[in-house]
Amino acid sequence: MAKEYKIALAGEGGQGVQSVAGIIVEAANDNGREALYIPNFGVEQRGGVSIAFVQIADEKIGSPKFKKADIVIALSDRSVRRTAQYVDERTTFVYDSAIEGVEEDLPKNAAKVYAIPAIDVAKNELHPRVFNIIIMGAVIEATKVITLESAKQAIEKKLGYKFEQDPKLRELNFQALEKGAELVRQFNK
Amino acid sequence: MVSTAYKYTQKNCDRATFTLFTGLCKGCGLCMEKCPVKCLEWSNDLGVYGTPTIIPKDVESCTGCGMCQLVCPDCAIVIEKIKK
Amino acid sequence: MALAPNMPKAWRAETKPHKFCPGCGHGLVLKAVGECIDELGIQDRIVFGCDIGCSLLSWDFFNTDAIQTHHGRTTPVLTGVKRARPDRICIAYMGDGGGYAIGSQHLVNAASRNEKVTVILVNNCNYGMTGGQMAPTTLPGMKTETSPYGRDVEATGNPTQGPEMVSAITPEGAYVARGTTANLRQLKKMIKKALETQLNGTGFSFVEALSACPTNWRTNAKDTWNFVEKEMTQYFKVGELKVPGEKEGK
Amino acid sequence: MADKPIKGEKRFFVTGNEVVAWAALAADVDIMYGYPITPQNEIMHYWTRLAPKYGRKFLQTEDEISAGFTTCGGVFSGARAFTATAGPGNTLMQEPMSMAEMMRIPAVFVITQRGGPSTATVIYSQQEVTLTCFGGNGEGMRIVYSPGSHQDLYDYTIKAFNTAWKYRFPTFVLGDGYQAKMRESVIMYDPEERGVQMEPTEKIVGKEGMPGVDREPAHLRNTYNTEEELNVVVNELVDAFWKAAPEIVEHQEFNCEDADIVIVAHGVVTRAAQAAVKELRDQGKKVGHFRPITLRPYPIEAMKKAIAQAKEIILVESAEGQLDKLVKAELYGSKVPITPYFRPGMGITSEEIVEFINKKG
């Protein structure tokens, strides 16, 4: 847990990578850790690949920008290509197995490359709306930057008002989180 | 503080006392043109810029209407009507 | 026997004679402003702002606080004062270049926002301080240093109709008028209504004053009055365009 | 008046723009004037949400020229007032900024640098150093703080208002797009609880009493007739600035005492420089870091001491030599060679600095 983690999380505009990053850093901060989160932003307000740069450590963090990430998560074909630059021989590269036509673009130099069926699981087993929470579970399992328990608290903090109205949503979100972790755990066995 | 006592010349016309503060008059002539009875003329007294000031040419024609005072951009003229 | 000139009480006697040229209309407009300040008893609440251009020469004109700003920027400075201290009576004093050219965006937007300030704009059809260049208000065919063959409206457009524009974009409650130094009693009434509008807090107040620039016009007194009274009024209609509580188009 | 916005010490995890808004609240700021431009927009967003709850005001102007001049107007009236801008907005605002310089208007300007020249990117850079320190027609009689973290942003935004009102020079907080948009932890506090008294403001116009009777009117002049007249005024400005400078300058040093190589960097780049020093020291290299916190006036005496034993300065900045120019002008005569590491408009990481220094051997 003491390790400093650099995370690059990339997806299409609507895939919710920024909110995943936001919840993770929020939870890390609540646990008294140092976190730094910088959203990639360009001129356009919508559209384009959205990247969240996250760093979590026990001490104050240096440059907000980093060259290479410990873990890269890419959720679309464009994101796979866009994030290759953050990968080196220490990087775990995670992408969604439903993304087509990126075989050639997958980083060759990564320490590990995991293809996780998050999109399928969201669609078929849970609900498309919790896709990003599955991703969050995967990030947490791959990095251990926070515990699943504190992630749940952070989700509660952020979405609690919605859960009040529909408690089933809470269950769905927590399931998604666990599921995401499980998808990565298979590889880490 | 600068002295605010200005030099002036006066002319006692029949119907008004005409006071011209030479220390304020720049000799623009706007008053002459606006005088409804055309009673003003250039004076031998020089104003603040060394240009001629103005004076009623006689004591009879000034009606004391105050137009010259009104249109003076420098507040150089004071007309006091003489009440009879 | 009168020993003291009959200056408005709000004028600062120590700075007179003022710095404007012989026959300049600024003295007349500022006389009207001074008398209005006296009559309304607001001398201690005035923040007077002057633009760059000839209007800058008024920075020490009154016994009131005054800020000399930049060309075109008096409206925002005074807006800044008013927003922070609404109890102040703010007068932004400028020329036609400052209000209709370089500072037009400030005039338009202050008017649109209905800022509770009073803008007094002196229109003399040219840039006086910089030596008589063409202004937004230069009359068609009028010769200036930058329109030496006369203003060509095909190439440079028509004279800006300031009060008409301001009137079009201000809501009810604002005061908009065009007066002239050729009718000082009327001009004074307009300025007084403008200041009353600010005092009542009903809206933006704007008075354009038709004024003379004998130096750059190269006119004698007769031609000066003739230009103000006959030439300028062909394009610039004197009168009130918007009065709080009254229907428009008076 | 509503309660104090911050009571006690609280840890927050927010963007730099939010930090600035809170700091301005904590500093008892009365009014903000502003015009939208990325990446400073959220300062206005947070301010407009928070300010009314604490009886503070906001005006959205028609452009940055107006935002700067309305800010000057607010300050004239005795309000603690500020504005924020970036890039092309900073360029437009140089006009009111130079008026603030000439008339010694204690206005505070927060700059969140973006890439340049021109519109360039909305993201990040350190390319507004020259503009912020020396923009406008004038002599750069401005105080410029360069924060490197959210804590700096909070501390120095509050401090900027005190410096401005104490010394009566326009004061700048020169942040950047990264700091504006990133989130990290920050401790917010009520300055008074930390023993920091807010410097009282003063009505520059609109004092009590009848002008010309009870008091002299404030006739604030900005134009002068003769060169001699202007020269007197400018000399006074310059003298006052340099007299105050030793009290204003601030810097930080990291392992400079025995350093062969001193990295000079400011703002957010200090973070990479500090991390690089740690890493290089672990590798057994005698590397230190000097960070000017005030870019104007520049902490040159401290810097001269910090580099006294150095064999080389590595000048690292996200610009093509803007800090470099400042440093060279100040260090004239020094024999320590300066090696540039310029990345105009680009973020700089500690890894890059370490690699650069290691490659040099």
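The values are calculated or read from the model by the stated rules, or taken from the named source; none is laboratory data. Model, not experiment: these values are computed from the prediction. Glycine also receives a Cβ, built like all others from the backbone with ideal geometry; neighbour counts cover every protein chain displayed.
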Across segment C:155-190, which residue is nearest to C:ASN126 (Cα to Cα) among those that are away from chain B (no Cβ under 14 Å) and β-branched (Val, Ile, Thr)? C:THR160
Right, A:GLU100: among the acidic types (Asp, Glu) and within 13 Å of another protein chain (Cβ to nearest Cβ) or not? no
So, in segment C:80-98, of the ones that are out of contact with any strand residue (DSSP E or B) (no Cβ under 7 Å at 6 or more places or on another chain) and more than 15 Å from C:SER205 (Cβ to Cβ), which residue ends up nearest to the other protein chains (Cβ to nearest Cβ)? C:ARG85
Can you go through D:GLU257, D:GLU317, D:GLU236, D:GLU253 and tell me which one is of a type in the set (Asp, Glu) and within 18 Å of the chain's Cα centre (by Cα)? D:GLU317
Strands (runs of 3 or more DSSP E) wholly in segment D:214-297 with at least 3 residues that are of a type in the set (A, V, I, L, M) - which ones? D:261-264
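Results for (1) over 29 Å from D:PRO246 (Cβ atoms); (2) at pLDDT 95 or above, shown as yes or no for each residue.
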position: D:ALA120; (1), (2): yes, no
position: D:SER125; (1), (2): yes, yes
position: D:GLU139; (1), (2): no, yes
position: D:ALA160; (1), (2): no, yes
position: D:TYR189; (1), (2): no, yes
position: D:LYS203; (1), (2): yes, yes
position: D:GLU227; (1), (2): yes, yes
Wholly within segment C:183-242, helices (runs of 4 or more DSSP H) carrying at least 2 residues that are at pLDDT 95 or above and closer than 19 Å to C:MET165 by Cβ: C:184-200, C:232-235
Give me the residue from segment D:47-94 that is in contact with a Pro (Cβ under 6 Å, 6 or more places away or on another chain) and among the aromatic types (Phe, Trp, Tyr) and, out of that set, nearest to the other protein chains (Cβ to nearest Cβ). D:PHE69
Report whether or not C:LEU199 is surrounded by 23 or more Cβ atoms within 10 Å (Cβ to Cβ) and of a type outside the set (D, E, K, R). no
Here is a list: C:LYS242, C:LYS189. Which entry is of a type in the set (Lys, Arg) and under 15 Å from the mean Cα position of the chain (by Cα)? C:LYS189
Can you name the helices (runs of 4 or more DSSP H) wholly within segment C:1-112 that have at least 3 residues being in contact (Cβ under 8 Å) with a residue 60 or more places away in the chain? C:25-40, C:104-112
Any chance segment C:57-71 includes a residue that's closer than 16 Å to C:PHE206 by Cα and crowded, with 24+ Cβ neighbours inside 10 Å? no
Six or more apart or on different chains, Cβ under 7 Å: which pairs go from a residue in segment D:187-206 that's under 30 Å from C:THR69 (Cβ atoms) to one that's modelled with pLDDT of 95 or more and among the hydroxyl-bearing types (Ser, Thr, Tyr)? Could you list them? D:LYS203/D:SER77; D:VAL205/D:SER77; D:GLY206/D:SER77
Would you check if there is a residue in segment A:71-90 being within 12 Å of another protein chain (Cβ to nearest Cβ), in contact with a strand residue (DSSP E or B) (Cβ under 7 Å, 6 or more places away or on another chain), in a loop (DSSP other than H, G, I, E, B) and crowded, with 22+ Cβ neighbours inside 10 Å? no
Hey, among the residues in segment B:34-84 that are assigned to a strand (DSSP E or B) and of a type in the set (S, T, N, Q), which one's surrounded by the most Cβ atoms within 10 Å (Cβ to Cβ)? B:THR53
Could you check C:VAL77 against (1) among the β-branched types (Val, Ile, Thr); (2) under 30 Å from D:GLY136 (Cβ atoms); (3) more than 7 Å from chain D (Cβ to nearest Cβ); (4) touching a Ser or Thr at 6+ places or on another chain (Cβ under 8 Å) and say which number it fails? (3)
How do the helices (runs of 4 or more DSSP H) wholly within segment D:108-196 filter down when requiring 2 or more residues that are within 13 Å of chain A (Cβ to nearest Cβ): which remain? D:150-167, D:177-181
Looking at this structure, is D:ARG114 more than 23 Å from C:THR74 (Cα to Cα) and free of Cβ contacts under 8 Å to residues at least 24 places away in the same chain? no
So in segment D:256-280, with the set limited to residues that are surrounded by fewer than 19 Cβ atoms within 10 Å (Cβ to Cβ) and away from chain A (no Cβ under 14 Å), which one is nearest to D:LYS311 (Cα to Cα)? D:ASP260
Of the residues that sit in segment A:18-42 and are assigned to a helix (DSSP H, G or I) and facing another protein chain (nearest Cβ under 7 Å), which one is nearest to D:LYS10 (Cα to Cα)? A:ASN29
